[in-house]
1. I'd like the full set of residues that are open to solvent by less than 30 Å² (accessible area, probe 1.4 Å) and either aliphatic (A, V, I, L, M) or not in a helix (DSSP H, G or I) (or both), limited to segment A:108-122.
2. Look through A:398, A:348, A:357 and report the one residue that is outside the structural domain of residue A:231 (by TED's automatic domain parsing), over 24 Å from residue A:243 (Cα atoms) and more than 19 Å from the chain's Cα centre (by Cα).
3. Exactly one condition in (1) more than 30 Å from residue A:351 (Cβ to Cβ); (2) open to solvent by less than 60 Å² (accessible area, probe 1.4 Å) is false for residue A:64; which is it?
4. Within segment A:193-220, work out how many residues are open to solvent by 10 Å² or more (accessible area, probe 1.4 Å) and either small (Gly, Ala, Ser) or touching a Lys or Arg at 6+ places or on another chain (Cβ under 6 Å) (or both).
5. From the list B:71, B:80, pick out the single residue that is within 14 Å of chain A (Cβ to nearest Cβ), of a type in the set (D, E, K, R) and within 22 Å of residue B:197 (Cα to Cα).
6. Quick check: anything in segment A:330-347 farther than 16 Å from residue A:11 by Cβ and loosely packed, with under 12 Cβ neighbours inside 10 Å?
7. Residue B:162 - would you say it is of a type outside the set (Ser, Thr, Tyr), without any contact (Cβ under 8 Å) to a residue 40 or more places away in the chain, open to solvent by 70 Å² or more (accessible area, probe 1.4 Å) and in the same structural domain as residue B:38 (by TED's automatic domain parsing)?
8. Here are some residues: B:83, B:5. Which one is touching a Lys or Arg at 6+ places or on another chain (Cβ under 7 Å) and open to solvent by less than 20 Å² (accessible area, probe 1.4 Å)?
Amino acid sequence: MLTRGETIRAIAGGVSSLAGIALFAAAGVAALLATGLSQAASPLLDPYILGVLRFTLLQAVLSSALSVAVAVPLARAMARQPRFPGRIWILRLMGVPLGLPVIIGALGLIAVWGQHGWVNRLLVALGLDQPVSIYGLTGILLAHVFFNFPLATRLLLASLERLPGEYWLIASNLGMKPRTLFRLVEWPAMRSQIPAIAGLILMLAATSFTLVLLLGGGPAATTLEVAIYQALRFDFDPPRAVALALIQIGMTALILIVLQFFGGAASEGATLGRPPERPDGQTSAARLLDAGLILPATAFLLFPLAAVVIGGLQADLLRLIADPMLHRAVLTSLLIALPAGLLAVLLAYSISSARFALLSRKGQPMVFERMANLTSALASLILLVPPTVLGTGWFLIAGPANMDRLAPFLIAGINGLMAFPFVLRVIDPALTSHRERTLRLCASLGITGLNRWRQVDWPGLKTPLLTAFTFAAALSLGDLGVVALFGSDQLVTLPWLLYSRMGSYRTDDAAGLALILGLLCLFLMVLGTASRTPTERASP
Amino acid sequence: MDIRLQKVELSRAGKAFCFDTLIRGGMITALAGASGSGKSTLMSLIAGFDRPQNGHILFDGIDFTRAHPSERPVSLVFQENNLFAHLDLRTNIGLGIRPDLRLGTAEKAAVSHALERTGLGGFENRLPGTLSGGERQRAAFARALVRKRPCLLLDEPFAALDPALRIEMGRLLLDLQQETGVTVLLVTHLPDDVERLASEVIFLKDGEILADETTGAFLARQEPQEIRNFLGNRPPR
């Protein structure tokens, strides 16, 4: 029921957005392939590359398995205790790693688990001289679990909370023991979600850059992403970077294909408004067991964050804030992050609008529906080309001479594309339901064009658009992966400044910078959620 | 089996509840009242999902106030979701005999017999999702049958069914009650259900018992206003 002009404009917008994404990605990959083919001397699979590939997959599989293994009992404990003081704060805490710049999390983890961290100092005080090492595989796994088990827990918890409240009352009335209840009710509900969750974490861990850069090291603990960066920035060996990037594309393609087989995206979905009664969680045994899971998990999550705040406050913040270096870094970061966020939102909005325009033309040939489905498939294809790979391709295209001029644009562009799939997931459902609600009314009142945008679309979509924008901007603001490829003395973003301070062992400065970066990201996130109406905020 | 609530008090979310009544054994008592008047809370107290702050709950004179829900002599049927959707009927009903599901031949036969009695013969391997709403409620009754508890708490068990089916299910309930002599407490918002099924009525208002009498006396009431409103909902005959 869009006017003909609106339909054409929406489809044209979506098509050009998709074409832009495809061209940008294809140019990067073509540059990789061209270099790879012209320099056949570098074998695709030498022992070094094989070792890196093996480690990448190993740590990804272990990270995914461990995160899920932690999340299953924890989600059950949280579901079984629907009412206790602080529960809502624990759930909010579990949302933090999603938006936390990875480099800050890493810094916090090092403060807690590092050589001179809280844990090791405690162990020494207890007379144990077996220090925990955060570097190498252990550290990478620890960090990946830190970042991913909260996500897995929230998704599994949602799958339990979607079960009808009567189940728990009936189970209790029938006298089902906790073990039976787990086997017959809780586990079947969680099991159906696990492949999608495990796959998502596998993908995130397989393309993780910052954590491996900071906590890995040496050929024994390097992933493809970090190996690409090292080949490009330290060994000045583009052919090797190309070989690694091609392997990376092959690996992510394989993972994506396998994920398609498991099908179904994990969703938080709608849960019951009122928390259910859980008589099975009210026995002392259950309470003790659940507390024994929830408290350590909360501490595991909270301590690194607390360490960042404490470390940051101990730094000479006044001197740092007065430092012109910081001013430039913050300005550079914002000049990259805000356009990146805008780009991600524009791409997602135009593609989502086109999808809706295609789908709403009822009675049209099937080809429209096919095209609409194709757009979402194409949109997720960008995941095939991780940022580092895309960056490597464009590194080759730009050439070292033009790097300083082009780098900010490339970083913003790649950051925007990185955020785009997530942003699309926020915007697409919101836009679809908004259009379905308003379309007929707008058509009958003849509200079109700019008027419709001002009167109907912007008020209705402000919240999801702003949430998506701030999320994408925060993601770009905290990103180290792309800027690590392009960064230079001329181009210093906040995470890059933080990374170089860590590298030169100016730990206090690094801690202070981490706090400042964290506050900036937090400010953006709060800005993105503050515009919600009171009714939306009321439901926890 | 008589259910006695002795000065049972509970306050929850700023609302105070106070119940003192005797639910007489071997008959059907209806529990009515506006939403929020405390019907579900009263059920929860009897079933053991809520513990009273004061007072006692006795079954045939024995104090069960602190007993676990599974130890109480009651079975439950809710409006919906009485069956675990991913388990077949044999499992769902077998849980009523052995909550750990170790079913022998005798138990399996009991399940099949209960299914037949409720008109679901041969449905052992069906999943709840393949049944109609009425059939799912029948299966819930079948589970209550195999549990053989002397009291049955029904929380709007027919509310999701269409009128014809509701009358049919009401008849099944009357038959089963007469056959087993079970004490039934039936939560309902329909005066029609009260008239057809119940011998006695408890009417709640704001967490307290407003009326507690035989169905005949209840239906003849002209006041107070709340009960007149409730009875006014009756379809014209």
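1. Hits for segment A:108-122 are A:109, A:112, A:114, A:117.
2. A:357
3. (1)
4. 7
5. Only one candidate qualifies: B:80.
6. No.
7. Yes.
8. Being touching a Lys or Arg at 6+ places or on another chain (Cβ under 7 Å) and open to solvent by less than 20 Å² (accessible area, probe 1.4 Å) holds for just one of B:83, B:5, which is B:83.
The values are calculated or read from the model by the stated rules, or taken from the named source; none is laboratory data. Treat the numbers as computed from the prediction; the structure is a model and nothing was measured. Neighbour counts are summed over all protein chains in view; Cβ atoms, including those assigned to glycine, are modelled from backbone coordinates with ideal geometry. Note: areas computed on protein heavy atoms with side chains; ligands, DNA, RNA excluded. Shrake-Rupley method; radii C 1.70, N 1.55, O 1.52, S 1.80 Å.
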